[in-house]
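Each remark here refers to the structure printed beneath this line.
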Amino acid sequence: MKTPFVTREQLESLTQEFPTPFHLYDEAGIRETARALHQAFAWNEGFKEYFAIKATPNPSILKILQEEGCGVDTASYVELLMADKLGFSGKEIMFSSNNTPADEFVYARELGATINLDAYEDIAFLKSVTSIPKVISCRYNPGGVFELGTDIMDNPEEAKFGMTKEQLIQAFIELKELGVEEFGIHALLASNTVSNDYYPELARQLFELAVEVVEKTGVHLGFINLSGGVGVNYKPEQEPNDIAIIGEGVHRVFDAILKPAGLGHVKIYTELGRFMLASHGLLVTRVTHKKKTYRTYVGVDASAVNLLRPAMYGAYHHITNMDRPEELTEVVDVVGSLCENNDKFAKQRELPVTEIGDLLVIHDTGAHGFSMGYQYNAKLRSAEVLLQEDGQARLIRRAEKPEDYLATLYGFDIEK
Ligand SMILES: *Cc1c(COP(=O)(O)O)cnc(C)c1O
């Protein structure tokens with residue numbers, strides 16, 4: 001079971017105002033998670049969360065996080081632009097991009113954002129297109145596989161991100177000669193981890209690396225960025241992460257490794273996206289068709305353009321039928337209307353016997369949901385609605401109109 005953050009009655013009245021499909025976000029939940037994160041890392045004086053904009057690139061959401069003391073992590077021109085226009089100062093902007101276009105480095109430098117260099121080769125590139133800042137971070141990739149206990153969590157060896165240890169040490173030496181005064185180390189070694197051990201294990205690896213790097217280069221290490229990767233329990237039977245336990249786990253390795261090495265001043269940064277937002281978003285959609293062939297299909301008015309994760313990764317997203325009790329069930333595929341057979345929100349899922357007109361919510365769509373959307377089949381992007389703390393709902397992005405889709409085309413006149 002997963003309990004939606006809205007009641008059936010609330011949702012029915014919302015759909016009077018906002019036609020389905022739309023993404024709905026829960027302000028109270030977002031604030032609660034931000035506060036829990038800050039509480040969990042309160043032991044570290046310089047702690048800062050840089051919310052990964054790509055997870056939920058909506059100014060109204062970013063404003064909430066800003067009010068809760070978060071900065072932003074950016075990786076493109078428009079993400080930088082959004083951060084700037086929302087009033088995030090340079091210190092509150094992390095620029096963790098890779099294969100970076102020259103104009104983005106230039107813009108990041110203009111804003112005074114903290115640049116997180118993905119490649120050793122980027123030093124020369126950065127120098128050639130702009131200047132070397134006083135504060136810089138380098139992204140580490142240890143290669144091999146990332147394991148927790150006996151579980152392989154991810155394959156850094158195959159990841160395009162980051163530099164080897166040797167490159168990172170060489171980068172620090174050269175950057176110091178180029179005038180850098182404060183250094184940081186960054187790594188993202190596994191995605192959507194549902195384990196309280198990921199951050200502590202990552203921290204252990206980065207803290208040990210930090211001690212070695214400082215010994216070898218003599219740089220002033222200002223921060224270690226644990227980045228994103230802390231996940232959510234998309235499946236109801238999964239035990240959700242407990243950020244208090246995670247923070248305490250990082251604290252323990254900090255005291256065991258960094259403090260004795262004289263690095264007790266190091267600030268801990270995070271760039272969480274999914275953990276901050278995923279569970280505070282729902283995709284609200286209505287059942288429009290039902291079809292029986294070799295399987296039973298429940299057709300809804302949302303499609304993969306509104307939520308790509310199931311089609312792209314085979315990701316599980318829990319579905320609640322707001323209009324039916326969980327008693328009488330059937331096994332169905334829940335499908336969108338794209339001319340693509342992977343446009344399925346659920347395959348062979350046991351759900352309450354569904355009727356046309358039922359209101360469904362697809363859970364945990366608050367991060368990497370709307371933002372991964374696209375316009376295949378000339379489908380238009382949906383609206384985003386914020387359920388405020390005071391219980392009122394507010395449109396924070398309107399749905400696209402045909403004119404929006406056609407606006408960039410030459411040789412077609414919609415007025416004709
Ligand atoms: C995507 C990304 C994040 C956020 O990842 P989540 O899995 O959403 O926590 C953080 N940092 C960088 C550099 C990223 O690319």
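The set of residues in segment 249-267 being surrounded by fewer than 18 Cβ atoms within 10 Å (Cβ to Cβ), assigned to a loop (DSSP other than H, G, I, E, B) and touching a Gly at 6+ places or on another chain (Cβ under 9 Å) consists of His265 alone. Residues in segment 58-72 that are assigned to a helix (DSSP H, G or I) and among the hydrophobic types (A, V, I, L, M, F, W, C): Ile61, Leu62, Ile64, Leu65.
Given the condition surrounded by 10 or more Cβ atoms within 10 Å (Cβ to Cβ) and among the small types (Gly, Ala, Ser), answer yes or no: does some residue in segment 408-416 qualify? Scanning segment 408-416, I find no residue that is surrounded by 10 or more Cβ atoms within 10 Å (Cβ to Cβ) and among the small types (Gly, Ala, Ser), so the answer is no. Taking segment 130-173, which residues are of a type in the set (Asp, Glu) and not in a strand (DSSP E or B)? Hits for segment 130-173 are Glu157, Glu158, Glu166.
Screening Pro240, Pro236 for residues that are modelled with pLDDT of 95 or more, surrounded by fewer than 19 Cβ atoms within 10 Å (Cβ to Cβ) and within 16 Å of the ligand (Cβ to nearest atom) leaves exactly one candidate, Pro240.
For segment 4-41, which positions are in contact (Cβ under 8 Å) with a residue 24 or more places away in the chain and part of a loop (DSSP other than H, G, I, E, B)? Passing the criteria: Pro4, Phe5, Val6, Phe18, Pro19, Thr20, Pro21, Phe41. Pairing residues of segment 275-286 that are of a type in the set (Lys, Arg) with residues that are in a strand (DSSP E or B), at Cβ distances under 9 Å and at least 6 apart in sequence or on separate chains, gives Arg286/Val300; Arg286/Leu359; Arg286/Leu360.
For every residue, the table says whether it meets (1) within 14 Å of the chain's Cα centre (by Cα); (2) touching a residue at least 60 places away in the same chain (Cβ under 8 Å).
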{"residue": "Phe51", "(1), (2)": "yes, yes"}
{"residue": "Thr56", "(1), (2)": "yes, yes"}
{"residue": "Ser60", "(1), (2)": "no, yes"}
{"residue": "Ile115", "(1), (2)": "no, no"}
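Filter segment 311-322 for residues that are more than 25 Å from Glu12 (Cβ to Cβ) and either touching a residue at least 60 places away in the same chain (Cβ under 8 Å) or under 16 Å from the mean Cα position of the chain (by Cα) (or both); which is surrounded by the most Cβ atoms within 10 Å (Cβ to Cβ)? Top of the filtered list is Tyr316.
Against the condition of a type in the set (S, T, N, Q) and more than 16 Å from the ligand (Cβ to nearest atom), how does Thr296 come out, does it pass? Yes. Each residue in segment 41-51 was checked for being surrounded by 17 or more Cβ atoms within 10 Å (Cβ to Cβ) and either closer than 16 Å to Gly281 by Cα or touching a His at 6+ places or on another chain (Cβ under 9 Å) (or both), and 5 of them qualify. With respect to the conditions (1) more than 22 Å from the chain's Cα centre (by Cα); (2) at pLDDT 95 or above, Pro325 lacks only one, and its number is (2).
When restricted to residues that are hydrophobic (A, V, I, L, M, F, W, C), under 12 Å from Leu263 (Cβ atoms) and part of a strand (DSSP E or B), segment 180-237 contains 5.
Looking at segment 268-350, the strands (runs of 3 or more DSSP E) lying wholly inside it that each contain 2 or more residues that are polar (S, T, N, Q) sit at 281-292, 319-321.
The values are calculated or read from the model by the stated rules, or taken from the named source; none is laboratory data. All of these numbers come straight from a predicted model, not from anything done at the bench. Don't worry about glycine lacking a Cβ; one is built from the backbone with ideal geometry, like all the others, and counts go over all protein chains shown.
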